[in-house]
Amino acid sequence: MGGGASGLMAGAVASARGLSVLIVDKNKTPGQKLKITGGGRCNITNNEPDIHKLLKIYGEGAPYLYSPFSVFGVRDTFKYFESRGLPLVTQARNRVFPVTEKAEDVFNILHKELIKNKAVMMNSCVVSKINHHEEKIISIDTNQGKFFAKSFVLATGGMSHPETGSTGDGFKFLKELGHTVSNPTPDIVPIAIKEDWVKGLAGVSLSFMKITFYLDNLKQFSKKGKILFTHFGLSGPLILNSAKSIKALLDKGEVMATIDLYPDTTLGDVEKKIIKIFDQNKNKILKTVIKEIVPEGMSQSFQEIINFIYLDTKVHSIKKEERRKIVDLLKALPITVEGLMGLDRAVVVDGGVELSEIDMKKMSSKKFSNLYITGDLLHLNRNSGGYSLQICWTTGYIAGMSV
Ligand SMILES: Cc1cc2nc3c(=O)[nH]c(=O)nc-3n(C[C@H](O)[C@H](O)[C@H](O)COP(=O)(O)OP(=O)(O)OC[C@H]3O[C@@H](n4cnc5c(N)ncnc54)[C@H](O)[C@@H]3O)c2cc1C
């Protein structure tokens, strides 16, 4: 049930064993979410072959994952895809992508494998109920009829980006079957910002910025990295991976942040730099010089921010205090955090079936031995960086080998 990353993997592995496999998906074409991963480039895994370091990423889920990763870990992901003609490359922060940087190619590898192994794929097929008799799953009801099988893999995904088909149906089925399912909340998700100038920067991405968060004006934590501006606020790996901590702050009070546009330069050195640029352009008007002092793409918005100076002022007549104010803003641009975006914008949603109710050696339910549960349906916290798809490959592989 579900032709997403983990369902396709489970189907590919089971069909390669010669089993007869049917994959039903509610969408017209499967793998919709997989095809948008990593902004269409698919961050397929994280190149952390040391299992102990890898486990640390998954917090409380770590003790449950040692056995699955020992069976199918990061190296196995490389081997699986590369041996089938999809070379992978490791980029910044150990994130791994197909060399082609096309998520579609990852889907195609699994799809080809399924076709080769004569698996059947049924699209626009919506599962509505999982039927059981005592501790065995017997059949599933769908809009295209009832299907019987020896084993059932539930891989209907979580609740992020529901337009991809992942609408949380699996959580409902699991609850009906008596499993404990914690409620989905956005976990890795962009943040909404109040200031309009932020929205004016939609599409601009700033590498190597530092952002510092404050709770009721008290400094809490800082992070350095890439920030992506969107039409509702901020996104990008740095923001996404801070979402959980930001959420905890928002529960306590008012959250502000400052963006340091020159994170590796001291305030004094930024001031010297600005003085030099102003000296070289002293007869120009401020408006035309701004693009020399802010990162590319930010010039228009910065003009709105420094509304305390007339933009047509000749640079030589800018007062020292005004210049100082500009420097202060370059080092700490204030923004107001309104909240986290919702499930529809989340990359990863917290929540899912408790791992203590799963036999992690088989990925099977401890309540129904012929029901296998994979991917985003599992209650696992992790950062962005390829760690979610690695869970899909690992759990999909184990389910495919166990059915
Ligand atoms: C925008 C975005 C970018 C991401 N980028 C990355 C990344 O680069 N790297 C990374 O590691 N992770 C990334 N993730 C997370 C990753 O995509 C998920 O962890 C992964 O896709 C989950 O796979 P899955 O098999 O659990 O389910 P899904 O991929 O969600 O697939 C579930 C499938 O089940 C089908 N389905 C649902 N209900 C039913 C039903 N009732 N009947 C029949 N079919 C049903 C759906 O149509 C869907 O095709 C990203 C997520 C998002 C939203």
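Nothing in this text is a laboratory measurement; each read-out follows from the coordinates by a stated rule. Quick caveat, the model's predicted, so the values are computed rather than measured. No Cβ is skipped: glycine too gets one built from the backbone with ideal geometry, and neighbour counts run over all protein chains shown.
With the cut-off at 1.5 for a/c, could you classify segment 111-183 from its C-alpha gyration tensor as rounded, prolate or oblate? It comes out oblate by the Cα gyration axes. Net charge of the neighbourhood of Thr288, taken over other residues with C-beta under 14 Å away and scored Lys/Arg +1, Asp/Glu -1, is +3.
Relative contact order for segment 40-195: 15 percent, from Cα pairs under 8 Å spaced at least 6 residues apart, divided by residue count.
For GluC sites (Glu not before Pro), the sites in segment 1-110 that DSSP calls loop and that have at most 15 other Cβ atoms within 10 Å are Glu101.
In order along segment 338-352, the Karplus-derived 3J(HN,Hα) couplings, from 6.51 cos²θ - 1.76 cosθ + 1.60 at θ = phi - 60°, round to 8, x, 8, 6, x, 4, 5, 9, 6, 8, 10, 10, 6, x, x Hz, and Gly and Pro are given as x.
Placing dummy labels 7 Å off each Cα toward the beta-carbon, the span from Thr313 to Thr164 is 4.8 nm.
Provide the FRET efficiency to the nearest 0.05 for the Glu292-Ser369 pair, computing r from the beta carbons and using R0 = 60 Å.
On the way: r = 67 Å, r/R0 = 1.12.
Using R0 = 60 Å, I get an efficiency of 0.35.
Sorting 136-143, 26-33 by average packing, meaning the other beta carbons within 10 Å per residue, from highest down gives 26-33, 136-143.
R0 = 51 Å: FRET efficiency of Asn281 with Met401, Cβ-based, nearest 0.05?
Computed FRET efficiency for Asn281 and Met401: 0.15.
The alpha carbon centroids of segment 13-51 and segment 87-116 are separated by 10 Å. Per residue, the average separation of C-alpha pairs within less than 8 Å and at least 6 apart gives the chain a relative contact order of 25 percent.
One Cα centroid belongs to segment 225-260, the other to segment 264-292; the line between them spans 29 Å. Taken over segment 228-361, the percentage of Cα pairs per 5 Å bin, counting from 0 up to the bin with the maximum distance, is 2, 8, 15, 17, 14, 11, 10, 7, 5, 3, 2, 2, 2, 1, 0.
Straight-line reach from Lys175: taking Cα to Cα under 21 Å and skipping same-chain neighbours fewer than 8 places apart, the lysines in range are Lys26, Lys129, Lys136, Lys146, Lys362, Lys366, Lys367. Using θ = phi - 60° in the Karplus curve 6.51 cos²θ - 1.76 cosθ + 1.60, the 3J(HN,Hα) couplings for segment 40-50 round to x, 9, 6, 7, 6, 6, 10, 6, 10, x, 6 Hz; x is entered for Gly and Pro. Peptide packing for 317-324, 359-366, 345-352 was compared via the average number of neighbouring C-beta atoms within 10 Å per residue; ordered from the highest value, the list is 345-352, 359-366, 317-324. Under 5 Å between amide hydrogens, built in the peptide plane, is the criterion, and for Leu88 it picks out Val99 among residues at least 5 positions away or on other chains. Working note: Cα atoms of the chain, range along each principal axis, descending, whole Å: 82, 45, 40. Applying both filters, DSSP loop and at most 15 other Cβ atoms within 10 Å, to the GluC sites (Glu not before Pro) of segment 218-307 gives Glu254, Glu296.
Put simply, the Cα atoms of segment 133-217 extend 57, 30, 22 Å along their principal axes, the longest span coming first.
So what is the relative contact order for segment 52-139, in percent, with contacts set as C-alpha pairs under 8 Å and at least six apart? Relative contact order here is 12 percent.
Charged side chains reduced to their Cβ positions (Lys and Arg at +1, Asp and Glu at -1) give segment 12-113 a dipole of some 180 debye around its Cα centre. In sequence order, segment 20-37 has phi-based couplings of 8, 10, 10, 10, 9, 9, 6, 7, 5, 10, x, x, 4, 6, 3, 6, 9, 5 Hz under the Karplus curve 6.51 cos²θ - 1.76 cosθ + 1.60, θ = phi - 60°, and Gly or Pro positions carry x. Reported to the nearest whole Å, the Cα centre-to-centre distance from segment 350-384 to segment 142-209 is 16.
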